[in-house]
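The values are calculated or read from the model by the stated rules, or taken from the named source; none is laboratory data. Remember, it's a predicted structure, so these values are computed and weren't measured experimentally. Cβ sites come from the backbone with ideal geometry, for glycine too, and all protein chains shown count toward neighbours.
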Amino acid sequence: VTRVPRTDIAVLGGGPAGSAVAYRLARLGYRVLLVTADRPDGMDRTEVLPPSIETLQGAFPLGPALADQPLAPLTRGRWSGFGEDVRPHPGTRLVQRVSFDRSLLQIAAAAGVELIESARARRPHRTPDGWMVPIDRAGDRCSVTARILVDAAGRRGGFARNSRLLAAATVALCARWTPAAIRAGEIWVEALPDGWCWSAGVADGVLEAATFVSMAECRGLGLQALRRRHCQLLLQSERFSAALHGAVPGPVRVCDATARIDEDPAQPDLIRVGDAAFAPDPMSSQGVQAALRSAVQAAAAVHTILSGGDAEAAISFYQDAVQAVAMRHRTATAELYAGHQRWRDHPFWRARAEHVTDAPAPSVPIQPMAADPALRLSRDVEIVAAPALVGDMIERMPSVMHRSEPRPVTWLNGHLLAPLLDRMGSGERASAILAGWSATMPADEASSVLQWLMARGIVEPGPPPS
Ligand SMILES: Cc1cc2nc3c(=O)[nH]c(=O)nc-3n(C[C@H](O)[C@H](O)[C@H](O)COP(=O)(O)OP(=O)(O)OC[C@H]3O[C@@H](n4cnc5c(N)ncnc54)[C@H](O)[C@@H]3O)c2cc1C
């Protein structure tokens with residue numbers, strides 16, 4: 001067994017989450033080693049990235065990785081089950097994951113991350129001063145020792161995890177079809193009686209299609225049977241039944257597509273990022289963005305622990321952040337499934353439309369600002385010290401607790417919320433509150449912060465002091 005010199009942080013997995021967390025930690029001055037397996041041949045996948053991913057540029061310079069990926073500004077489909085929906089989304093991109101992930105790894109390497117590529121990490125062991133990770137590469141075995149381990153190995157990884165399903169188990173069956181009369185950049189989504197399909201024209205005449213079905217119905221089926229099931233599903237589609245009739249797909253890849261969360265994503269010497277912490281339903285097209293966001297939070301948690309900051313706050317912040325994003329996602333996807341009408345009584349649709357009622361409803365309608373009401377803080381508001389992301393660290397910050405929000409709110413649109421409430425006089429007119437805040441933010445931002453507070457009942461109409 002060859003020993004690789006000791007490192008501060010070993011990142012296992014070189015997808016978006018692994019590259020981003022490694023990049024952030026290397027920039028903070030740590031020695032970071034990233035071990036990644038290759039995607040197996042034929043496992044490249046076309047995915048959609050929303051334009052909001054660009055907001056992460058400041059945290060991770062994605063630009064070069066996005067540069068050559070084509071725009072796909074429109075999705076058409078039949079989601080409700082009846083009429084055709086057209087959803088414009090300017091700035092959305094189609095990415096080929098193998099080349100995209102390669103560019104992200106290069107960005108991390110340029111920041112000083114040491115890469116061990118085409119290598120598979122085996123089950124890590126705890127040692128008295130950190131971790132030992134056995135690694136298989138080209139028939140050789142070496143080992144890495146590190147103080148902190150980052151599990152960024154995606155949904156599978158092969159390591160022991162404490163994961164819980166967030167929805168009924170779903171499988172994706174993906175294949176490329178070549179004789180299709182299809183235009184590059186065309187995206188189509190369609191609800192089917194017992195599943196749904198997503199497809200994109202990856203070049204003129206080349207269709208990539210994924211069908212999503214219940215895992216229960218695939219259990220025990222071999223690749224040929226799964227391929228037949230993929231074809232049957234697509235032939236039920238109004239868009240493809242004629243276009244693909246008689247055509248033969250390439251090899252079918254099978255992957256888990258169930259939303260799941262790890263119940264224990266942060267410990268003092270171990271943190272899970274991206275899909276390893278929370279894997280969303282692919283329907284949201286948010287997986288890569290969520291993975292990058294979790295990498296930024298995880299890097300701050302690791303930096304806080306290694307630099308002698310408040311480790312307990314760091315762990316609690318990260319666990320809470322994973323939980324919060326997973327619960328929001330669960331509600332939003334259940335709403336999307338519940339939006340389907342035609343086969344809503346079929347088991348596939350019924351099982352996935354659950355949890356719709358989790359979203360907290362705003363307690364008070366937005367008040368018209370023109371009337372310039374006198375406002376005061378709700379009696380239910382409490383200011384607590386909650387762990388929050390501040391720059392590259394996690395710190396306990398004064399945060400706003402109220403029954404309308406499931407957890408304390410520290411930041412709103414990039415502004416610390418508690419000091420803003422502190423500056424409000426009870427019974428002050430809306431215009432005076434906004435004037436006070438406009439010293440620290442533009443007027444339109446101040447107005448949207450106040451409307452957000454009023455919509456939740458954190459700030460409510462109340463008489464000026466007599
Ligand atoms: C069918 C399907 C369609 C999807 N479509 C979209 C979409 O359109 N848009 C979107 O944003 N998201 C989509 N997603 C979700 C998205 O793919 C993931 O959320 C995202 O890739 C998570 O990134 P990650 O870095 O956490 O994990 P991954 O991208 O899975 O990266 C994990 C990396 O770890 C490596 N690895 C695994 N095990 C080991 C090991 N033992 N040793 C070393 N390396 C290892 C893997 O080779 C891989 O490189 C889709 C998911 C599925 C299943």
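Yes or no: the stretch 330-339 includes at least one residue that is out of contact with any helix residue (DSSP H, G or I) (no Cβ under 8 Å at 6 or more places or on another chain), modelled with pLDDT under 95 and over 23 Å from Gln57 (Cα atoms). Checking the stretch 330-339: at least one residue is out of contact with any helix residue (DSSP H, G or I) (no Cβ under 8 Å at 6 or more places or on another chain), modelled with pLDDT under 95 and over 23 Å from Gln57 (Cα atoms). Of all residues in the stretch 279-292, those that are farther than 15 Å from Arg328 by Cα and more than 6 Å from the ligand (Cβ to nearest atom) have Cβ atoms under 6 Å from Cβ atoms of residues that are among the aliphatic types (A, V, I, L, M) and at pLDDT 95 or above, 6 or more apart or on another chain, in Leu292/Ala20; Leu292/Leu56.
So, Leu149, is that one near the ligand (Cβ under 10 Å from one of its atoms), part of a strand (DSSP E or B) and at pLDDT 95 or above or not? Here the answer is no, as Leu149 does not meet what is asked.
For the residues Ala67, Ala72, the requirement of being surrounded by fewer than 17 Cβ atoms within 10 Å (Cβ to Cβ), of a type in the set (A, V, I, L, M, F, W, C) and more than 9 Å from the ligand (Cβ to nearest atom) singles out Ala67. From the list Glu47, Glu54, Glu117, the one residue that fits, being among the charged types (D, E, K, R), closer than 30 Å to Asp194 by Cβ and touching a residue at least 12 places away in the same chain (Cβ under 8 Å), is Glu47. Report yes if Arg155 is in a strand (DSSP E or B), surrounded by fewer than 21 Cβ atoms within 10 Å (Cβ to Cβ) and modelled with pLDDT under 95, otherwise no. In short, no.
Please indicate, with yes or no, whether at least one residue in the stretch 17-31 is closer than 29 Å to Gly195 by Cβ, hydrophobic (A, V, I, L, M, F, W, C), buried (at least 20 other Cβ atoms within 10 Å of the Cβ) and modelled with pLDDT under 95. Taking every residue of the stretch 17-31 in turn, none turns out to be closer than 29 Å to Gly195 by Cβ, hydrophobic (A, V, I, L, M, F, W, C), buried (at least 20 other Cβ atoms within 10 Å of the Cβ) and modelled with pLDDT under 95. Output yes when any residue across the stretch 92-114 is farther than 22 Å from Val206 by Cβ, of a type in the set (Phe, Trp, Tyr) and buried (at least 17 other Cβ atoms within 10 Å of the Cβ), and no when none is. Within the stretch 92-114, not a single residue is farther than 22 Å from Val206 by Cβ, of a type in the set (Phe, Trp, Tyr) and buried (at least 17 other Cβ atoms within 10 Å of the Cβ).
The residues listed here are Arg260, Arg227, Arg253, Arg293; of these, the one that is of a type in the set (D, E, K, R), in contact with a Leu (Cβ under 8 Å, 6 or more places away or on another chain) and closer than 17 Å to Arg97 by Cβ is Arg253. Do we find a residue being part of a helix (DSSP H, G or I) and more than 18 Å from Asp380 (Cα to Cα) anywhere in the stretch 452-465? No. Among the residues making up the stretch 8-20, those that are within 9 Å of the ligand (Cβ to nearest atom) and either among the small types (Gly, Ala, Ser) or part of a helix (DSSP H, G or I) (or both) are Gly13, Gly14, Gly15, Pro16, Ala17, Gly18, Ser19, Ala20.
Checking the stated criteria, Val302 turns out not to satisfy the condition of being outside any strand (DSSP E or B), closer than 27 Å to Val171 by Cα and of a type outside the set (Asp, Glu).
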